[in-house]
1. Consider only pairs whose beta carbons are under 9 Å apart and that are at least six residues apart or on different chains; among these, list those whose first residue lies in region 57-82 and is among the acidic types (Asp, Glu) and whose second residue is surrounded by 14 or more Cβ atoms within 10 Å (Cβ to Cβ) and at pLDDT below 90.
2. Quick check on my filter: what residues within region 69-88 are of a type in the set (A, V, I, L, M, F, W, C) and part of a helix (DSSP H, G or I)?
3. As an exercise: evaluate Leu5 against (1) modelled with pLDDT under 80; (2) under 22 Å from Gly89 (Cβ atoms) and give the number of the one condition it does not meet.
4. Please enumerate the residues belonging to region 58-68 that are surrounded by 12 or more Cβ atoms within 10 Å (Cβ to Cβ) and either of a type in the set (S, T, N, Q) or part of a helix (DSSP H, G or I) (or both).
5. Looking only at region 32-49, how many residues end up being modelled with pLDDT of 90 or more, of a type in the set (D, E, K, R) and not in a strand (DSSP E or B)?
6. Any residue at all in region 23-31 that is modelled with pLDDT of 90 or more, assigned to a helix (DSSP H, G or I) and acidic (Asp, Glu)?
7. Does Met53 meet the test of being assigned to a strand (DSSP E or B), exposed (fewer than 14 other Cβ atoms within 10 Å of the Cβ) and either among the polar types (S, T, N, Q) or modelled with pLDDT under 95 (or both)?
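The values are calculated or read from the model by the stated rules, or taken from the named source; none is laboratory data. None of these values were measured; they are calculated from a predicted model. So basically every Cβ, Gly included, is an ideal-geometry build from the backbone, and we count neighbours across all protein chains shown.
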Amino acid sequence: MTFDLVQGSGNRYMSTVRIDSSNANADLWWCEGKQEYHWCLVWEDGSPYGTHMHNGTAYTKEKARADIIQTIIYIEDKWPTLEYFENNG
């Protein structure tokens, strides 16, 4: 799964967040045992400690895909603020 450019709030070191196939991977799979979809989004911001992972579950494929998109929007709104790191640490 690939994504177009996502603009972040930025800071003096990095002004944008770019989530695409060169620095991100999104996986979505069905878990037969739990009867739900699992998803994972891993992306890198380009800094030395810049690997970020977000994941979740959903009962439908559509909801799981929507959750991935909502996560990208969350990243756009919050990265690299302190709130982002406090909620994802």
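1. Note: pairs meeting the criteria are Glu76/Val6; Glu76/Gly8; Glu76/Ser9; Glu76/Val17; Glu76/Ile19; Asp77/Gly8; Asp77/Ser9; Asp77/Tyr84.
2. Selection gives Ile69, Ile72, Ile73, Ile75, Leu82, Phe85.
3. Checking Leu5 against (1) modelled with pLDDT under 80; (2) under 22 Å from Gly89 (Cβ atoms), the one that fails is (2).
4. Within region 58-68, Lys61, Lys63, Ala64, Arg65, Ala66, Asp67, Ile68 meet the criteria.
5. Total satisfying the criteria: 2.
6. Checked region 23-31: no residue is modelled with pLDDT of 90 or more, assigned to a helix (DSSP H, G or I) and acidic (Asp, Glu).
7. yes
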